[in-house]
1. Restricting to the stretch 22-41, what's the tally of residues that are closer than 22 Å to A84 by Cα, free of Cβ contacts under 8 Å to residues at least 24 places away in the same chain and either surrounded by fewer than 18 Cβ atoms within 10 Å (Cβ to Cβ) or more than 11 Å from the chain's Cα centre (by Cα) (or both)?
2. Which one is surrounded by the most Cβ atoms within 10 Å (Cβ to Cβ) among residues in the stretch 8-21 that are in contact (Cβ under 8 Å) with a residue 40 or more places away in the chain and hydrophobic (A, V, I, L, M, F, W, C)?
3. Taking the condition surrounded by 12 or more Cβ atoms within 10 Å (Cβ to Cβ) and of a type outside the set (D, E, K, R), does G106 pass?
4. What number goes with the only condition from (1) over 19 Å from W92 (Cα atoms); (2) at pLDDT below 95; (3) out of contact with any strand residue (DSSP E or B) (no Cβ under 6 Å at 6 or more places or on another chain); (4) among the polar types (S, T, N, Q) that S65 does not pass?
5. Consider the stretch 53-85. How many of its residues are loosely packed, with under 12 Cβ neighbours inside 10 Å and within 13 Å of the chain's Cα centre (by Cα)?
Amino acid sequence: MKAQALHGHLDALLLAVLEQGALHGYAIIESLRARSDGSLDLPTGTIYPALRRLERAGHVASTWSTVNGRERRTYQLTDSGRRALAGERAGWQEFRVTVGRFLDPGSPPVTPA
């Protein structure tokens, strides 16, 4: 998948992954890869800055934890993040329907009033 296609949607994808529970950064990357059947293979240089941005916005909270003897930062969705995710989902549905009117051959055309 082209990186440009994700423009504006990465935060929503990260919030959706964290909706399932707290994860450390590498597990988030693996979840994106697995849930997309390998289409989303994003580098750490893309994911970690986005997680920090979401944390500054109050949508995720992070804590340090020890996993298999290694210190890792674990990210968790906040209540603000849940509300943001709900808004992202609503916006996505509207976008999908609108673009589908042009790109989905099965969509009925909308006639002007």
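The values are calculated or read from the model by the stated rules, or taken from the named source; none is laboratory data. Keep in mind that what you see is a predicted model, and the values were worked out from it rather than measured. For neighbour counting, all protein chains shown are included, and Cβ atoms are generated from backbone atoms with ideal geometry for every residue, glycine included.
1. Matching residues across the stretch 22-41 total 2.
2. Selected residue: L14.
3. Answer is no for this residue.
4. (3)
5. Of the residues in that region, 0 qualify.
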